[in-house]
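See structure below.
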Amino acid sequence: MKKRSTLISIVTVLIMSLVITACGNPSDSKKETQQLGTNAGENATELSFWTFVDLHGKHLDKMLGLWNQQNPEKQIKLNVTVMPYDDMHNKLLLAVTSGKGAPDIADIELGQFPKFMEGDNVPLESLNDVFAPYKDVVVPSRVQIYSKDDQVYGFDYHVGATLAFYNTEILEQAGVDYKTIKTWEDYKQAGIKVYEKTGKYLGTADTSATWQQSLLLAQQNSDFTDENGNPKVNSPEMIKALEMLVDLQKNNVIHTIPGGQPDTEEAKGEYNKGNYASALMPEWYMSRFVNEMKDLKGKYAIAPLPVFKEGDPRSVGLGGTGTVVTKNGKNVQLAKEFVAFAKLSKEATTEIWNTLGFDPINMDVWKDESVTKNPDNEYVQYFKTNAFDTLNEIKDEIKAIKSVKASPTISNIFNTVTLNAIFEDGQDVKEALDEAQAAIEQELK
């Protein structure tokens with residue numbers, strides 16, 4: 001097991017980079033600070049914000065302009081500092097735990113969030129009071145993942161609801177109507193037809209990301225860990241999920257893909273060539289189609305995920321970054337009010353959809369057809385169907401996978417050893433999962 005442990009350690013940075021880029025491009029440059037809020041008066045309160053994604057800073061800049069217009073007595077000037085991912089999270093953790101040098105506001109990527117939740121004294125401000133006005137319109141699971149002991153500590157930029165993206169051109173060649181795919185058995189029969197008629201694969205067998213395991217566990221109301229955060233990757237639910245995927249692989253419904261999963265440069269090249277006819281990915285993958293697979297415009301439709309049996313939940317929110325307020329800021333209440341406005345208000349979440357293509361966590365936006373069906377929106381133009389038709393259909397079915405202390409270790413072992421052993425080497429599923437469980441427990445000692 002030592003050789004595998006060494007491999008896992010070496011590739012940790014690579015795996016984390018796949019997770020980080022899910023929601024945007026992290027900064028790989030040196031620390032950069034810029035003051036925003038030039039429309040603020042001389043009595044404006046100066047606050048600081050740390051992030052690792054330049055676009056996040058630009059979003060808060062737009063929201064700051066609106067805030068200052070609407071709140072002339074509570075205007076803000078915001079010093080935004082963009083740092084590389086590891087640098088920012090390491091400095092932030094040190095600052096909030098020592099009580100020295102922390103910003104007023106910060107972004108924390110979901111995979112890093114458990115580090116800030118350890119112990120009895122969370123060094124972040126509870127956001128319950130500013131969350132209360134939005135409680136009935138926000139997707140609940142996207143708040144739960146940034147909560148502890150009934151206290152909310154972060155607000156996300158998106159839901160990341162997992163959807164099915166189907167290449168209708170390929171499916172039509174095989175005589176398959178994507179709208180008839182309701183269950184995994186339907187998906188299997190459709191994939192068999194697609195392969196027989198076109199030689200194409202319906203989907204992917206991912207070896208470098210756990211998107212598929214996440215959605216299949218969520219459909220069974222299960223998780224990678226138990227209620228105490230301990231790994232349980234050889235559970236009956238995980239075995240059922242992976243045995244089903246292996247069956248799909250054996251029937252040429254899914255196949256491994258260059259790059260190991262759909263959100264890689266190599267995989268997007270395969271999609272562009274038409275070698276795969278579906279992607280089961282979070283909503284933010286829409287931006288990958290629009291920006292990196294332009295030749296597929298007008299070919300893809302969006303639908304709910306297949307499930308084991310009808311009635312199972314058809315989505316799970318994946319990826320994410322929570323914006324937080326630290327306890328040792330200059331004006332904590334003002335910072336909290338601004339963060340709620342910039343991340344949860346209808347104005348803010350509309351802007352997030354329009355500019356980033358992310359599914360907003362405020363579901364009031366989902367019902368506003370002037371926004372969701374705007375013919376000038378590039379995300380509306382690209383797809384054959386409207387994403388919000390599917391999102392509204394599944395809005396009460398979007399589950400969450402916990403991010404806990406063990407999560408990075410679980411991802412590393414799955415993405416470097418377990419999934420390759422199963423899908424590339426043909427190892428027995430239960431045997432591979434038992435080995436994974438043992439390796440994870442050893443790493444966590």
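The values are calculated or read from the model by the stated rules, or taken from the named source; none is laboratory data. Values in this document were obtained by computation on a predicted structure and should not be read as measured data. Cβ sites come from the backbone with ideal geometry, for glycine too, and all protein chains shown count toward neighbours. All accessible areas refer to the heavy atoms of the entire protein, side chains included, with ligands and DNA or RNA removed. Shrake-Rupley method; radii C 1.70, N 1.55, O 1.52, S 1.80 Å.
Observations
- Test set (1) open to solvent by less than 10 Å² (accessible area, probe 1.4 Å); (2) in contact with a Lys or Arg (Cβ under 9 Å, 6 or more places away or on another chain); (3) farther than 26 Å from Gln219 by Cβ; (4) not polar (S, T, N, Q) - Val130 fails condition number: (1)
- The listed residue being part of a helix (DSSP H, G or I), at pLDDT 95 or above, of a type in the set (Gly, Ala, Ser) and in contact with a Phe, Trp or Tyr (Cβ under 7 Å, 6 or more places away or on another chain), out of Ala340, Ala432, Ala439: Ala340
- Gly311 meets each of the listed conditions (1) small (Gly, Ala, Ser); (2) open to solvent by less than 10 Å² (accessible area, probe 1.4 Å); (3) out of contact with any strand residue (DSSP E or B) (no Cβ under 8 Å at 6 or more places or on another chain) apart from (2).
- Number of positions in segment 346-396 that are under 14 Å from His59 (Cα atoms) and crowded, with 22+ Cβ neighbours inside 10 Å: 7
- Beta carbons closer than 6 Å, at least 6 apart along the sequence or on distinct chains, pair a first residue in segment 401-425 that is more than 27 Å from Val143 (Cβ to Cβ) with a second that is at pLDDT 95 or above and in a loop (DSSP other than H, G, I, E, B) for Asn415/Ser208; Leu419/Thr207; Asn420/Thr207; Ala421/Gln427; Phe423/Ala205; Phe423/Thr207; Phe423/Thr256.
- Checked against (1) part of a helix (DSSP H, G or I); (2) without any contact (Cβ under 8 Å) to a residue 24 or more places away in the chain, Asp396 passes all but a single condition, namely (1).
- When segment 133-143 is filtered for residues that are modelled with pLDDT of 95 or more and open to solvent by 60 Å² or more (accessible area, probe 1.4 Å), the ones remaining, listed by number, are Pro133, Lys135, Asp136.
- Taken over segment 324-343, the criterion of being of a type in the set (Val, Ile, Thr), over 21 Å from the mean Cα position of the chain (by Cα) and more than 17 Å from Lys148 (Cβ to Cβ) is satisfied by Val332 alone.
- Within segment 77-101, the set of residues being assigned to a loop (DSSP other than H, G, I, E, B) and open to solvent by less than 20 Å² (accessible area, probe 1.4 Å) comprises just one member, Met83.
- Scanning segment 217-245 for residues being without any contact (Cβ under 8 Å) to a residue 12 or more places away in the chain and out of contact with any Lys or Arg (no Cβ under 6 Å at 6 or more places or on another chain) gives a total of 3.
- Count - residues of segment 286-320 that are modelled with pLDDT of 95 or more and of a type in the set (Gly, Ala, Ser): 6
- Residue check for Lys250: without any contact (Cβ under 8 Å) to a residue 12 or more places away in the chain, more than 25 Å from Glu172 (Cβ to Cβ) and not β-branched (Val, Ile, Thr): yes
- Out of Ala335, Ala421, Ala400, one residue alone is touching a helix residue (DSSP H, G or I) at 6+ places or on another chain (Cβ under 6 Å) and open to solvent by less than 20 Å² (accessible area, probe 1.4 Å). It is Ala421.
- Here Ile410 passes the criteria (1) of a type outside the set (Phe, Trp, Tyr); (2) surrounded by 19 or more Cβ atoms within 10 Å (Cβ to Cβ); (3) touching a Ser or Thr at 6+ places or on another chain (Cβ under 6 Å); (4) assigned to a helix (DSSP H, G or I) except the one numbered (3).
- Among the residues of segment 189-217, the ones that are open to solvent by 30 Å² or more (accessible area, probe 1.4 Å) and within 27 Å of Trp284 (Cβ to Cβ) come to 2 in all.
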